[in-house]
1. Taking the condition of being at pLDDT 65 or above and within 29 Å of E7 (Cβ to Cβ), how many residues in region 66-89 meet it?
2. Consider V3 against the criteria (1) touching a Leu at 6+ places or on another chain (Cβ under 8 Å); (2) within 22 Å of L79 (Cα to Cα): it satisfies all of them except one. Which criterion is unmet?
3. For region 6-43, what are the residues that are part of a loop (DSSP other than H, G, I, E, B) and either closer than 22 Å to E58 by Cβ or touching a residue at least 60 places away in the same chain (Cβ under 8 Å) (or both)?
Amino acid sequence: MKVRNIEDLNEIYDLELDKVITQIRKQKAKIVLLQFPDGLKPYAICIVDFLKEKTKAEFLIWFGSCFGACDTPNLGKDLEKKIDLFVQFGHNEKMPSY
């Protein structure tokens, strides 16, 4: 399936963007760092565009390595202080529902 928009992406992956939006609003996050595995990096801008439409936050995308949940970016103290929320996306396709 060719991914043309966020709806196509959500048909393949369960990104739980509703939970991300809820957390951004709950924490009143102004700057959010998003980290993606390599397979989702080509869709990072599409995801950011969608999240920007739904929230007032600004987004940074970490394009460095991501080898699992324990592989968090090393940003340095100055940048870490500016980030209100860090979201790391996994790379599992949706499970079939029977």
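1. Selection size over region 66-89: 7.
2. Unmet for V3, out of (1) touching a Leu at 6+ places or on another chain (Cβ under 8 Å); (2) within 22 Å of L79 (Cα to Cα): (2).
3. D14, L15, E16, K28, A29, K30, F36, L40
The values are calculated or read from the model by the stated rules, or taken from the named source; none is laboratory data. Nothing here was measured: the structure is a model prediction, and the numbers come from that model. As a convention, Cβ positions derive from the backbone with ideal geometry for all residues, glycine included, and neighbour counts pool all protein chains shown.
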